[in-house]
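Working notes for the structure below.
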Amino acid sequence: MRLLCLSNGHGEDMIAVRILQELQKHPNAPELAALPLVGEGRAYSQLGIPIVGTVQTMPSGGFIYMEGRQLMRDLRGGLLQLTWSQFKAVRRWSKKGGVILAVGDIVPLLFAGLSGAPYTFVGTAKSEYYVRDEAGELPNRSWGETWSGSVYYPWERWLMSRRRCKAVFPRDKLTTETLQKWSIPAFDLGNPMMDGIAPEHPAPVFYETNAELKEMQRSLIVTLLPGSRVPEAYNNWQKIVQASDGFLDTFTERTLLFLGAIAPALSLDVLRETLQGYGWCEQSLTAMSLNLHFEDENASAFTKKNATLILTQNDYNLCLLKGDCAIAMAGTATEQFVGLGKPAIAIPGIGPQYNPIFAEAQTRLLGPSLILVEQPGKVASTVQQLLRDPDWLQLIADNGSQRMGQPGAAKRIAECLMERFEGFKATDPLDKSPE
């Protein structure tokens, strides 16, 4: 079997790669190819998966839906020509026989639907939690968001209900159950976003004996997530450092440890300069006893009053796993942190990704696990209130698991893909039967 994976964004590429890695382990592993519709698809190249068609990084980085200016910049940068070239590449590939895995939103789904080949869809961009929860529709939602009865519009559901669409994998149970009402072959197999972070384990429990005393006797660990997009992440970092300073004034009788999970694309020199501007002094990491095992030999350490701050570009999972809470101005990283059952505090930035509109939508997606504050100075007091309320913390722990699912989704999706496409060969003619 030949399989072409379509995705439209860095986060979508990473989710797709997790599924493809599981497919590679299958006894009847398909012949894989990929076409990233946004960016250059480095995640695929690192896995040795050939890329078909033209790839190009657009000025917006894929966030054209955030504001009109980003769309205009992409149009001037050749977006229409790139899209047409990529669509022709998909059609050429499909004519040779094969199946398609579309990962992301309406764009790869539409490409798959128009390809003529059998396809499946991993819906990463939409969730019913944007407009409703288990109790019903959220207040103050516009008619434009709720008129069709689902966060997925009728034309998207039409593409998912075609005979050639063999399976749909929504990001959560609530969305799966909603799509199934339209006889869409939707499967609740979890969210691959949580794979590879931690082994399967229960969410934190906040009712241990002497829990408050035990907490006071150890460092409070705060994970810092500024995002990965340049130069936006540098502006986010300014706000995050301001918020971190508030902890030094609020938690004066407790040691503090900040873990900066920094994307490889960011310059540590720029981040260091910001820290030094706020009075942080760089120290030798090897001279510190942190009881944490950093794999990053180039990690940087800074101190100020009762706090230590670590910058690392190679210990992402460690930063997520060890943090008690997060100051988050990121997309995927924030969702993964919340999925571990932990609270994240968000500060709206200036975008183009993490602007007030995106941040507000993310609070609906993640529910009580993501707390939005308007100013950096309010973050520390919000965390202080959280730590005094075990009921609130337990609600956050349960909510994170419910909305983001358990690890192992990529393997479950890969197994389902092989079952749905069982018997399909590269030499089979394309399904030309009427739908």
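The values are calculated or read from the model by the stated rules, or taken from the named source; none is laboratory data. Just so you know, these numbers come straight off a predicted model, no measurement behind them. Every residue, glycine among them, receives a Cβ derived from its backbone with ideal geometry; neighbour counts consider all protein chains shown. Note: accessible area is taken over every heavy atom of the protein model, side chains too, but ligands, DNA and RNA are not part of it. Shrake-Rupley method; radii C 1.70, N 1.55, O 1.52, S 1.80 Å.
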Exercise for the section: Please work out which residue is least open to solvent (accessible area, probe 1.4 Å), limiting yourself to segment 123-149 and to residues that are assigned to a strand (DSSP E or B) and over 12 Å from Thr175 (Cα atoms). Expected result: Gly136
Practice task
Please specify each residue of segment 340-349 satisfying the condition of being of a type outside the set (Gly, Ala, Ser) and in a strand (DSSP E or B).
Solution key: Ile345
Exercise for the section: May I ask you to list the residues in segment 385-397 that are exposed (fewer than 15 other Cβ atoms within 10 Å of the Cβ) and outside any loop (DSSP other than H, G, I, E, B)? Expected result: Gln385, Asp391
Fill in the blank from the handout: Scanning segment 280-298 residue by residue, those at pLDDT 75 or above and of a type in the set (Ser, Thr, Tyr) turn out to be Ser284
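Scan Arg157, Arg171 and give me the residue that is of a type in the set (Lys, Arg), in contact with a Ser or Thr (Cβ under 6 Å, 6 or more places away or on another chain) and open to solvent by less than 30 Å² (accessible area, probe 1.4 Å).
Values: Arg157 fails: in contact with a Ser or Thr (Cβ under 6 Å, 6 or more places away or on another chain).
When all the criteria are applied, what remains is Arg171.
One line per residue, one yes/no per condition, for (1) at pLDDT 90 or above; (2) open to solvent by 10 Å² or more (accessible area, probe 1.4 Å); (3) part of a strand (DSSP E or B):
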site: Glu12; (1), (2), (3): yes, yes, no
site: Leu20; (1), (2), (3): yes, no, no
site: His26; (1), (2), (3): yes, yes, no
site: Gly48; (1), (2), (3): yes, yes, no
site: Met58; (1), (2), (3): no, yes, no
site: Gln81; (1), (2), (3): no, yes, no
site: Val103; (1), (2), (3): yes, no, yes
site: Pro108; (1), (2), (3): yes, no, no
Exercise for the section: Might you let me know whether segment 36-44 holds any residue that is open to solvent by 60 Å² or more (accessible area, probe 1.4 Å), part of a helix (DSSP H, G or I), on the phi < 0 side of the Ramachandran plot and modelled with pLDDT of 80 or more? Expected result: yes
Practice task
Could you grab me the full set of residues in segment 350-374 that are farther than 17 Å from Ser228 by Cβ and in a loop (DSSP other than H, G, I, E, B)?
Solution key: Val373, Glu374
Fill in the blank from the handout: The lone condition Phe251 fails out of (1) touching a residue at least 60 places away in the same chain (Cβ under 8 Å); (2) of a type outside the set (Gly, Ala, Ser); (3) open to solvent by 10 Å² or more (accessible area, probe 1.4 Å); (4) touching a helix residue (DSSP H, G or I) at 6+ places or on another chain (Cβ under 6 Å) is (4)
Exercise for the section: Kindly indicate the residue of segment 294-339 that is of a type outside the set (A, V, I, L, M) and assigned to a strand (DSSP E or B) and also surrounded by the fewest Cβ atoms within 10 Å (Cβ to Cβ) among those meeting that condition. Expected result: Thr303
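Against the definition (of a type outside the set (Ser, Thr, Tyr) and more than 20 Å from Phe187 (Cα to Cα)), how does Phe87 come out, yes or no?
yes
Residue under question is Gly260, and the condition is that it be assigned to a helix (DSSP H, G or I), out of contact with any His (no Cβ under 8 Å at 6 or more places or on another chain), surrounded by 14 or more Cβ atoms within 10 Å (Cβ to Cβ) and not polar (S, T, N, Q); does it hold?
Criteria not met by Gly260.
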Practice task
Report yes if some residue within segment 361-377 is closer than 17 Å to Gly260 by Cβ, out of contact with any Asp or Glu (no Cβ under 6 Å at 6 or more places or on another chain), charged (D, E, K, R) and surrounded by fewer than 23 Cβ atoms within 10 Å (Cβ to Cβ); otherwise report no.
Solution key: no
Problem - Pro202, sole failed condition from (1) of a type outside the set (Lys, Arg); (2) at pLDDT below 95; (3) open to solvent by less than 30 Å² (accessible area, probe 1.4 Å); (4) not in a helix (DSSP H, G or I) - result: (3)
